[in-house]
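See below for the structure under consideration.
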Amino acid sequence: MKSVARTQSYRKDLDDIESHIALDNPDAGIDMWLLIDGQVEQLANPNFPRRPGRAPNTFELVAHPNYIVILEEDGRTVTALNVIHAKKKWP
């Protein structure tokens, strides 16, 4: 099993998403935060699905139809770099 790391930019993105959703529905904001981060935690399992990223040396986790987590991965660690909206042009 690999370890999972989260960058400050990932944490900020996730908090911003939660805050934005919470403006209309606080419970939904928390639920989205938990959904995305829960899937990131599962990336410790090398069989948990991810796809090659559009940016060099990255992978992507489609955590929700609207949100994609950008990842880096080496032999021991999966690092969550950012969370982007699916409609955002990336990179």
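Observations, loosely collected:
- In degrees, nearest ten, helix 8-22 long axis to first principal axis of the chain (Cα): 30
- Antiparallel %, DSSP beta bridges [both residues in the chain], to 5: 80
- With contacts taken as Cα pairs under 8 Å at a separation of at least 6 residues, the chain carries a relative contact order of 34 percent.
- Rough spin-label spacing in nm, given labels placed 7 Å along Cα→Cβ, for residue 3 and residue 20: 3.1
- Computed E for residue 55/residue 31 - FRET, C-beta separation, R0 30 angstrom, nearest 0.05: 0.60
- Using a Förster distance of 30 Å, the FRET efficiency for residue 85-residue 44 (Cβ separation, nearest 0.05): 0.75
- Between helix 26-42 and the chain there is an angle of about 10 degrees, using the helix long axis and the longest principal axis of the Cα atoms.
- Option label - Cα extents along the principal axes in Å computed here, alternatives [x] 40, 28, 22; [y] 34, 30, 24; [z] 83, 22, 19: [x]
FYI, it's all coordinate maths here, none of it is from the lab. All figures in this text were calculated on a predicted structure; none of them were measured in a lab. Cβ coordinates were reconstructed from backbone atoms using ideal geometry, including for glycine residues, and neighbour counts include every protein chain displayed.
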